[in-house]
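See structure below.
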Amino acid sequence: MIYDQPRFLPGGDRYMLIEFGDEMNLELNFRGQDLAGVIAEEKTKGVLETAPCFASTLIHYDPEQISFADLKKEMGRLIESLPPTDDIEMPSRLFSFPTVYLDPWTKECVDDYIAKIAKKTPDPEYIAELNGLEDVNQLVRVHSGTEYWVASLGFWPGLPFTMPLDPRCRLVAPKYNPPRTWTPKGTVGMGGMSTAIYPEHLPGGYQVFGRTPVPIWDTERRFPVFEDSICMFRPGDRIRFVPCSVEEFEYIEAKVADGTYQYNLVEYQKFSVAQYKDWVAGIDETQRF
Amino acid sequence: MGGEAMFEVIKAGLETAVQDYPGRIGYWNQGFPPSGPMDSWSFRLANVLVGNEPGEAALECQFVGPELRFHRDTVVAVTGGDMQPRLDGEPIELWTSVAVKKGQTLTLSYARTGARGYIAIAGGIRTEPWLGSRSTFHKAGVGGFEGGALKEGQQVPLGDAQGTPGLRVKDAARPTIVTDKRWLVEVTAGPNDDWLDEAGRKLFLETDWKLSPKSDRTGYRLDGPGDRITFADKAINKRPEHGSIPSNIIDQGYPNGAVNLAGETPIILVKDGPSMGGFINPYTVPTVGFWKLGQARPGEVLRLTEISVDEAQKQAVEMTRICSGESLESA
């Protein structure tokens, strides 16, 4: 649900988490991003940085410049001033990511976890079962059947938290318990309803079932997509995972290594919230691919 | 910069790295952690002793300190856990500014108390800032000196400043590094404390958590009865996009210092920790408790004690006051 009034929750002496609701939808993500945007524009006194996500915005503030109570008032005022999301029409880049689903690398990672840390059903089978899919092949069809909306970056520099735009492709999964100690670089996985790409060899909590050879952050900025930032994605980008073979993965990996890889993105499209909502309204969500 | 304004790393120690305070701020929305010193109390006072701004770049040493040869005259101070510092083999006092002559060698040994020692040098360390900070973010290989912990043979550039030797930090202004292996760490409730029920909150605060050896600058894992934490109804009956385990929540921004409940394992998110994720944070360690994490060793007990946000903010102001020239006296 979307809360009538946002909740202002403290985190230690320097953080405030503002929750707009407890579901995943575009409207809440726009609230979070728009609030962060207006704070940056107005240079709100005492706010050092923000971290907007699916349904909330975290504020890092300096309590010697603004008290929790005053920050709450100020944030309330800014939230009131945010434009209605239905009016939003924004440029949105679309990235295609060649991805090996049910790949040998995440399988090795899951096997290692099962052997050393905790017993569990392998991730692809687990997600398929949990979501009532026929088998792991349908998982691949459903997961690769939609564009994903980049809601925010976080966890690790450049890691995109995304949500599926096509309601027929919504899948859910719990996060690992306990978390994994390692995940291969480029792993594609999901937790809750969110899909992410791991930018590096990292610990992690998402269920994993695919891998892409395309780098999404680069401290050396070897490719033009990193011109503005060493983190490639921006909130409002879209991603499509394009199933590919291990051979293609290795071919692309070599192209990346020698610097000749061409990132596949298009920049001519605008995303209209109103049109998106109209389209979703006519979709039968129970139909899977 | 003159070729002599530097020190040379003779022995690197276990993990000695350049940090500044408060670190890399402003990039939380892209996932960059602040990095910076784990014990900002000892760190800031080391700088103040040598006449630097409290946040100037200095060295953090973990468990076993380095051996450094100075290629210029300067003033240094060693604070934090007792790594038994020596200058050309002669013991020097902790919490005291000391003159160093060109060619002399500063050697730190293992930490007899605490876990981290700090070395500040007059004029500070002058490595190239990365995204606005000199702090080292080890796992990403960025910041600090060549992106990581110091290595034998490196020559680390120094700023140019005169320090005053013979100053010491008043006893009352020093952090108390415990010797009985038990730390009382302040926490504030939230942001997600209402996901636990009363018994769950009680268990959190009444448990002797053991700091796991599987801890590092990204997270401090707490060993204990994490599987017995109990939850409020909202953690159990919730929308599917949170994830089905009680501690699962729709991914959200994480405060640095949050006590994150990853499945059934509490992990305190520390200086190189993640900015976001999908687990609840029932408690957060504020500034006044955070420095203790920098001095706690694996196997030691962390007991969490709740204070109000107001109290945490008051104590942080007090800490800033302490980490200033008014805490110094002549040795």
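The values are calculated or read from the model by the stated rules, or taken from the named source; none is laboratory data. As the structure is a computational prediction, the values presented were derived from the model and not from experiment. Cβ sites come from the backbone with ideal geometry, for glycine too, and all protein chains shown count toward neighbours. SASA here: full protein model, heavy atoms, side chains in, ligands and nucleic acids out. Shrake-Rupley method; radii C 1.70, N 1.55, O 1.52, S 1.80 Å.
Observations, loosely collected:
- Amide proton proximity set for B:Gln154, modelled H, under 5 Å, gap of 5+: B:Val9
- Alpha carbon centroid spacing (whole Å) that separates segment A:223-289 from segment A:111-144: 23 Å
- Top positive-direction residue, dipole computed over segment B:182-321 with Cβ charges, set B:Phe231, B:Gly190, B:Thr305: B:Thr305
- Kirkwood Rh in Å, taken over all unlike Cα pairs in chain B: 20.4 Å
- Relative contact order of segment B:182-321, defined on C-alpha pairs under 8 angstrom at six or more residues apart (%): 38 percent
- Extension reserve of the A:Lys73-A:Lys45 stretch, reckoned as 0.36 nm per residue once the Cα distance is removed: 8.8 nm
- Taking only the alpha carbons of segment B:6-169, we obtain Rg and Dmax values of 14.3, 48 Å in that order.
- Note on chain A: with a GNM built from Cα contacts shorter than 10 Å, the maximum mean-square fluctuation among A:Val273, A:Val214, A:Val188 falls on A:Val273.
- Helix-only CD estimate at 222 nm, as mean residue ellipticity for the protein assembly as shown, using -39500 (n - 2.57) per DSSP H run (n ≥ 4): -6000 deg cm²/dmol
- Segment B:Val317..B:Leu131, full-extension length gain: 64.3 nm, with 0.36 nm per residue of separation and the alpha-carbon distance subtracted.
- With a 10 Å cut-off around each Cβ of B:19-32, the average count of Cβ atoms from other chains is 6.
- Once the Cα atoms are used to define both axes, helix A:104-116 deviates from the longest principal axis of chain A by about 80 degrees.
- Placing +1 on the Cβ of every Lys and Arg and -1 on the Cβ of every Asp and Glu, with nothing else charged, gives segment A:2-86 a dipole about its Cα centre of roughly 200 debye.
- On Cα atoms only, tilt of A:246-257 relative to the major axis of chain A in degrees: 60 degrees
- Here segment B:182-321 exposes an accessible surface that is 49 percent carbon and sulfur, computed with a 1.4 Å probe and the other protein chains kept in place.
- The A:Trp182 and A:Asp4 beta-carbon pair, evaluated with R₀ = 41 Å, returns a calculated FRET efficiency of approximately 0.45.
- Summed buried accessible surface, chains A and B, 1.4 Å probe, nearest 100 Å²: 4200 Å²
- The modelled label-to-label distance for the pair B:Thr113/B:Asp73, using points 7 Å beyond Cα in the direction of Cβ, is 3.4 nm.
- Counting only heavy atoms of the protein chains and using a 1.4 Å probe, B:Trp291 has close to 10 Å² of accessible surface.
- Listed values for segment B:147-161 are Karplus-derived 3J(HN,Hα) couplings in whole Hz (6.51 cos²θ - 1.76 cosθ + 1.60, θ = phi - 60°), namely x, x, 5, 5, 10, 3, x, 5, 10, 9, x, 10, x, 10, 6, and x replaces Gly and Pro.
- Where the Cα pairs of segment A:1-123 fall when distances are cut into 5 Å bins, in %: 2, 10, 16, 16, 11, 8, 10, 10, 8, 7, 1
- Distance in nm between pseudo-label sites at B:Thr179 and B:Lys151 (7 Å out along the Cβ direction from Cα): 3.9 nm
- In the protein assembly as shown, taking the dipole from charged Cβ atoms about the Cα centre, the farthest positive-side position among B:Gln19, A:Val172, B:Leu269 is held by B:Gln19.
- Distant alpha-carbon pairs in chain A (separation over 25 angstrom), percent: 51 percent
- 1.4 Å probe accessible area per residue over the protein assembly as shown, in Å²: 39 Å²
- Theoretical FRET efficiency, 1/(1+(r/R0)^6), r = Cβ-Cβ of A:Ser96 and A:Ile117, R0 25 Å, to 0.05: 0.15
- Fraction in percent of alpha-carbon pairs per bin - 10 Å, the protein assembly as shown: 3, 16, 26, 25, 18, 9, 2, 0, 0
- Computed FRET value (nearest 0.05) for B:Ala161 with A:Ser272, which takes r as the C-beta separation and R₀ as 56 Å: 0.45
- Bins of 10 Å from zero: percent of alpha-carbon pairs in segment B:182-321: 13, 45, 34, 8, 1
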